[in-house]
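The values are calculated or read from the model by the stated rules, or taken from the named source; none is laboratory data. These numbers were taken from a predicted model, which means no experiment stands behind them. Reconstructed Cβ throughout: ideal geometry from the backbone, glycine too, with neighbour counts over all protein chains shown.
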Amino acid sequence: MRGVVLTDALIGTFASADDEQLRQNRCLLYHLIGNGTGDWDVPVGGMGAVTGALADAARRAGATLVTGAEVLSVTPDGEVLYREGDTERVVVGGHVLANVAPRTLARLLGEESSETPEGAQLKVNMVLRRLPRLRDTAVDPRDAFGGTFHVNESFAQLETAYREAADGRLPALPPCEIYCHSLTDPSILGPAERAAGVQTLTLFGLHMPARLFEADNDGARAEALRATMASLDRVLAEPIEDCLLPDGDGKPCIEAKTPLDLEAELGLPRGHIFHRDLSWPYGDDETAGTWGVETRHERVLLCGAGAARGGGVSGIPGHNAAMAVLGRRFGDGQAR
Ligand SMILES: Cc1cc2nc3c(=O)[nH]c(=O)nc-3n(C[C@H](O)[C@H](O)[C@H](O)COP(=O)(O)OP(=O)(O)OC[C@H]3O[C@@H](n4cnc5c(N)ncnc54)[C@H](O)[C@@H]3O)c2cc1C
């Protein structure tokens with residue numbers, strides 16, 4: 001039970017249960033405030049359905065959306081230089097709401113950053129021909145896979161894995177958890193896959209900090225994946241590899257992402273899934289702004305997960321950045 005609770009404190013957070021910085025406590029807090037109950041929901045149609053709806057609402061309100069563009073620099077007076085294809089363009093905004101990580105925003109502003117974020121997870125995505133059989137035959141796999149399925153995540157196992165990783169080694173028995181999103185929401189599968197009984201399985205491995213992958217990302221990824229699959233197999237009645245769906249080339253549908261992979265592909269600083277360590281959701285010094293999204297530049301606001309009141313996919317910083325701008329334009333009372 002202690003391990004199951006502790007995992008909510010350690011997702012995306014490389015810390016021991018007793019770490020004096022209390023980053024794990026803040027992570028637990030953010031896991032408990034969702035919807036006021038801590039319930040974890042899966043959006044019908046996948047996360048793309050959420051971003052698609054946001055994009056539609058923005059277009060209806062007259063927004064121009066530019067995607068596939070890289071921002072090259074931002075100035076405190078609202079000038080944004082970006083590259084689209086081979087062309088560099090400039091736009092100037094009354095406000096710039098930056099969804100990037102605080103360390104990335106500092107770079108774009110040409111400023112030094114004292115931030116040293118570090119992600120600590122191995123992410124494995126799989127497509128299965130069918131759910132694997134469980135070692136415990138009393139449990140229906142559909143019940144077991146329907147929620148968060150914890151694997152080797154007892155309190156002692158989590159602490160051991162933390163110590164090993166802190167000492168510079170991949171955990172010998174990686175603690176991990178798996179989620180089967182297609183059981184919760186079959187609409188994320190195509191009709192043919194659904195009819196064939198295909199399932200998605202995504203695994204979140206803890207205590208795999210970026211530092212362990214720096215010397216040889218490819219080699220360490222392969223080793224981390226091997227150890228993690230072996231950890232998962234301990235609770236299964238058959239190897240998970242036997243259940244993987246082959247792709248069009250006959251290769252098994254499995255991919256593993258280290259923190260360094262997430263940095264390269266998603267721009268997450270050192271693969272930190274929350275952009276930076278989570279902060280308490282209140283200001284603790286006089287420089288903190290009203291909404292937790294303010295920077296030291298009046299016109300530049302954070303609207304992504306790294307804001308002071310941030311936290312995963314909560315969307316809180318986006319709401320707060322919008323409220324901060326509306327408050328300046330119409331007065332705080334009316335904006336609220
Ligand atoms: C494997 C994994 C599992 C997770 N699980 C959960 C979970 O279960 N629950 C939860 O709440 N959170 C979870 N998270 C965290 C959550 O996904 C993030 O906190 C959230 O996506 C942050 O959203 P965001 O919009 O603030 O930033 P992001 O989604 O990181 O978006 C920032 C965007 O800015 C882009 N960008 C960066 N630099 C530039 C530039 N110079 N120019 C243009 N674009 C740029 C990036 O490419 C990216 O698209 C998970 C994250 C990962 C990686």
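Brief remarks follow.
- Unique match (being within 30 Å of E177 (Cα to Cα), away from the ligand (no atom under 14 Å from the Cβ) and of a type in the set (D, E)) among E118, E79, E153, E111: E153
- Only a single item in (1) buried (at least 16 other Cβ atoms within 10 Å of the Cβ); (2) within 25 Å of S73 (Cβ to Cβ); (3) more than 8 Å from the ligand (Cβ to nearest atom) is not met by G327, and it is number (2).
- Test: residue in the stretch 86-107 that is within 13 Å of the ligand (Cβ to nearest atom), within 21 Å of T148 (Cβ to Cβ) and part of a helix (DSSP H, G or I): no
- Looking only at the stretch 184-216, residues that are within 16 Å of the ligand (Cβ to nearest atom) and not small (G, A, S) come to 13 in all.
- Filter result for the condition that a residue is small (G, A, S), part of a helix (DSSP H, G or I) and at pLDDT 95 or above, over A165, A172: A165
- Test: A138 is aliphatic (A, V, I, L, M) and touching a residue at least 12 places away in the same chain (Cβ under 8 Å): no
- Applying the condition of being at pLDDT 95 or above and part of a loop (DSSP other than H, G, I, E, B) to the stretch 67-84 and asking which residue is farthest from F274 (Cα to Cα) yields D77.
- D56 part of a helix (DSSP H, G or I) and more than 13 Å from the ligand (Cβ to nearest atom): yes
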